[in-house]
Amino acid sequence: MPLPLVWLADVLRGAGLAVVEIPGWRTRTAPGALPRPVGVLEHHTATPTSPARPAPTVDLCIRGRPDLDGPLCHAVIGYDGTVHLIAAGRANHAGKARASGPNPAGDGNVLYVGFEWDYQGVDQGPSPQQYTAAVRATRAVLDHLGRPATAARGHRETSVTGKIDPGHVDLDQFRRDVAASATAPAPGGLETMAFTDTFTDWAHNRQTVESWMNNVDRRIAELHAAVLGLQRSRIPGDRNTTNAANLWFDAGNWTNQALGHIVAIRAALAHQQGTDPTAVADALRPVLADVIGPVIRDAVTDALGADNDHQADAIVDRIATCLAGQGAA
Ligand SMILES: [Zn+2]
């Protein structure tokens, strides 16, 4: 039987986090009752860390301390925001837990997924990357468990022995940040949103994904028509009407139009936390390149002959590069 938390790797990666699976984590467990988590418990390791030494406590969390057997948590969140998976079974991170927020009292090692943020906690707070990673990781786990943001607790809120961790973290603010953080889209992104989901676009209008996609469809169709129009406007037999320079110029205009759409799309999606605009632009790029590419090749070949394919390719490459985001940031 797999240990109960083996889904952590996929869930955390799905939230866009950098995840390191420490060898053996899937079968690592302390003796005793296995987790049936209802929340996430946040800790600090009490070890000083730095960008150069972002996760020095991983080994200790696996082996344990003289007074406490490992594993000591399920994941270590490094000072650089990388998540190191330690154990998929029971971990000795929580001890006996008081009731806290929506979570009951009991065996904390059953009730909670345990995250150790690797920082010192008294003289040192978490780094911004570490904090953000913890917010996203916590949200992803709570979503997987079907639990609210309030089910995220700090060790100092459940401890019966006076623990102070996680130091320098306002836990109410942390929960608000967890609540506000969107779950990252699965690879591929947009298709995880429903057609009827609404978002605020760059012009501060609310619109649905469906209306936005219809707009993009219409713009791609216009672009396609514009490219086809170039071929149609060429006077048959007159090689001067369309030459490589004109094609380049027109392609530049279309590129700018397309770029404008991409910038607008990026701006729209930037308003939704957790959506990576570059990923969206990259996802759109092949669609647009598919529409533009063959038409340009045909147009160049018509105008200049088949031995000018390289010019067509250069134009298509330039458009693809622009669509990929250079100059659009
Ligand atoms: Zn702790």
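Laboratory data are not the source of any read-out in this text; all were calculated from the coordinates shown. Everything numeric in this text was worked out from a predicted model, so none of it was measured. We place every Cβ from the backbone using ideal geometry, glycine too, and count neighbours over all the protein chains shown.
Coupling constants for region 89-96 follow from the phi torsions by the Karplus curve (6.51 cos²θ - 1.76 cosθ + 1.60, θ = phi - 60°), and in residue order they are x, 6, 10, 8, 10, 10, x, 6 Hz; glycine and proline get x. Let's test the formula: R0 of 41 Å, r as the Cβ-Cβ distance of HIS168 and SER211. What FRET efficiency results, to the nearest 0.05? E between HIS168 and SER211, to the nearest 0.05, is 0.40.
Pairs of alpha carbons in region 57-148 separated by more than 19 Å make up 45% of all such pairs.
Between GLN130, HIS74, GLY89, the Cα set farthest toward the positive side of the dipole of region 61-149 (charges on each charged residue's Cβ, about the Cα centre) is that of GLY89. Between MET1 and ASP307, the contour length at 0.36 nm per residue exceeds the Cα-Cα span by 103.8 nm. With a ≥ b ≥ c the root eigenvalues of the C-alpha gyration tensor of region 8-180, is it rounded (a/c under 1.5), prolate (a/b larger than b/c) or oblate? It comes out rounded by the Cα gyration axes. Distant-in-sequence amide contacts of GLY39, defined by a placed amide H-H separation under 5 Å and a gap of 5 or more residues or a different chain, comprise VAL113.
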